[in-house]
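The values are calculated or read from the model by the stated rules, or taken from the named source; none is laboratory data. Only a predicted model underlies this, so the values are computations on that prediction, with no experimental measurement involved. Here the Cβ positions follow ideal geometry from the backbone for every residue, glycine too, while neighbour counts run over all protein chains shown.
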Amino acid sequence: MLLSFSYYVKGNACVDTGAQYIHGASEENPVYCLLKKSGLLNQIPEMGEEAFYSNKGHKVDANFARYAYGAGESIIRYRGSNTGKSLGEHYAEKTQGMIDSLQEDNDKRTRMQSIFALVGKDMLIDIGASDLHRISLDSWQYYINMGDSLNRLVDKLLEDFPKDHLLLKREVSKIKWDGSFCVAPPHDEHLLSAHTESPSEEKLCQYPVCIVCENGEEIVADHVIVTISLGCLKAQASSLFIPSLPTEKMEAIDKLCFGNIAKIFLEYEEAFWESDVGTISLIYEDDTPASVSTNKMQWLKNMQFFSVLRPKERLMFGNILIGWCPGDIADLVETMTDDELSTAITDHLKMFLGHSNIPQPKSILCTKWRSNKFIKGTYAFLPVGVDGKVMDTLAQPLRVRIRPSFDHQVLFAGEATMKTLYGTVQGALLSGHREADRLAALYKKTVAPTSATSLDKQV
Ligand SMILES: Cc1cc2nc3c(=O)[nH]c(=O)nc-3n(C[C@H](O)[C@H](O)[C@H](O)COP(=O)(O)OP(=O)(O)OC[C@H]3O[C@@H](n4cnc5c(N)ncnc54)[C@H](O)[C@@H]3O)c2cc1C
């Protein structure tokens, strides 16, 4: 299912540069429920047919490709538990077993292998990683399956949010905590600015946290919920917090990986794909699932998946293909010019689709999540040897040293703090509910438990 969070407006059309699918279309999924409540579910476009092409320049039989793809997916989606193995090791072993057991002719075995490799490469895109052998097989042991994967949701969420409590466009440069920051009483103001010119001591209010913004503004608070991405934490945690974060929190930030994916939007005057096509997969016939990893020198080998923005009439997209790439290939394409990308991808498509008259796109847009200083990648994944429980450590509120009565001063939310749902919008949403519940419990208010409480109540 499609959703829309970060988007780029192109003429009349909006394209999703970030989260696009609801992973798990079921009543268990709070994002699905929000869309349903907002009446946005009826705007879901059909996914369209899958088309598969070989690097030999011909179409691959879709029935065979779908069958082999399904078999590969059932292996790669396995949820290991305390195996300590990598996803790559498991996938290579199991797919090889399946290929060995085939009584088919050699040609069919080769094609099966190449489609298994395609599944592995697509998985790198899902995870945002560069090498299946670096990803923990146990990644999903705590994960919650909310059902099969299936629009303007943020606007809907904002409808209920009091606008005068919202401060936008403030870049936070310091989070001072475990302190004592004085301000004048708030009068009617909802948000307080820290200042010191207040005349009499007894009129001052004291707050344990002070946020310093890049523009010099200071905002005091009893509690702060930090939701910046794991990528930003990796880059800034050591300088952002005063006093510094405890060692176990820094180690958790260090151990987790923050991946990247790039979406390259290619707009064409005319579609060169059939009107019912929703995805185009490119298969290298000599690929094998033994070592699914990227190679920057051959970056186009990881440009194997294209989706079609559908339907072009209703959403005014025009004829747009999205090329997807993972991990360090995404890092690489972010640094390339539109002309370089346009020429290389056009030649690539010509080779697979077997016709030389595929035009260059009339416009191109490549996402740049790694170089975006406010995210620095896409979402978290678990490397081999790291247990998902490290996300619980990341989610722990900071322990106050000086004044224990001011508890839960700094709390943490965001997708990387949810071992049951990291890398998703619903994980991010539920982590916010979890921390709101935590604060409500602190003040002993009675709140209706949210679904987050039952999903990730460990921390
Ligand atoms: C390309 C892409 C595709 C995706 N596809 C899907 C999908 O199909 N389905 C799905 O469920 N999920 C998808 N995701 C993942 C999903 O978008 C994330 O899991 C989710 O948005 C994470 O939310 P968050 O609140 O944890 O972090 P973020 O959305 O990163 O929010 C963090 C916020 O902190 C702000 N910030 C950072 N530093 C500072 C600072 N110093 N001062 C002030 N503010 C700061 C940032 O501006 C940002 O607004 C995708 C993500 C990407 C990038």
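Remarks
- Inspection of region 37-50 identifies at least one residue that is away from the ligand (no atom under 16 Å from the Cβ) and at pLDDT 90 or above.
- Of residues in region 298-316 being over 23 Å from the mean Cα position of the chain (by Cα) and more than 26 Å from Q96 (Cβ to Cβ), the one modelled with the highest pLDDT: P311
- Search result, residues across region 394-422 that are on the phi > 0 side of the Ramachandran plot and surrounded by fewer than 22 Cβ atoms within 10 Å (Cβ to Cβ): H408
- Residues (aromatic (F, W, Y) and assigned to a loop (DSSP other than H, G, I, E, B)) located in region 67-80: Y78
- For region 406-414, the criterion of a residue being within 16 Å of the ligand (Cβ to nearest atom) and acidic (D, E) is satisfied by no position.
- Matching entry among T83, T110 (being surrounded by 12 or more Cβ atoms within 10 Å (Cβ to Cβ) and either part of a loop (DSSP other than H, G, I, E, B) or outside the structural domain of L353 (by TED's automatic domain parsing) (or both)): T83
- Within region 232-266, being of a type in the set (G, A, S) and either within 10 Å of the ligand (Cβ to nearest atom) or buried (at least 18 other Cβ atoms within 10 Å of the Cβ) (or both) holds for A235, A237, A252, G259, A262.
- Within region 352-371, considering residues that are crowded, with 17+ Cβ neighbours inside 10 Å and part of a loop (DSSP other than H, G, I, E, B), the one farthest from the ligand (Cβ to nearest atom): I358
- Filter pass, S281 being modelled with pLDDT under 95 and of a type in the set (S, T, N, Q): no
- Matching residues, region 72-122, being over 30 Å from the mean Cα position of the chain (by Cα) and acidic (D, E): D100, E104, D105, D107
- Residue within region 46-66 that is outside any loop (DSSP other than H, G, I, E, B), farther than 29 Å from S356 by Cα and out of contact with any Cys (no Cβ under 8 Å at 6 or more places or on another chain) present: no
- Qualifying position, being at pLDDT below 90 and in contact with a strand residue (DSSP E or B) (Cβ under 9 Å, 6 or more places away or on another chain), among F406, F412: F406
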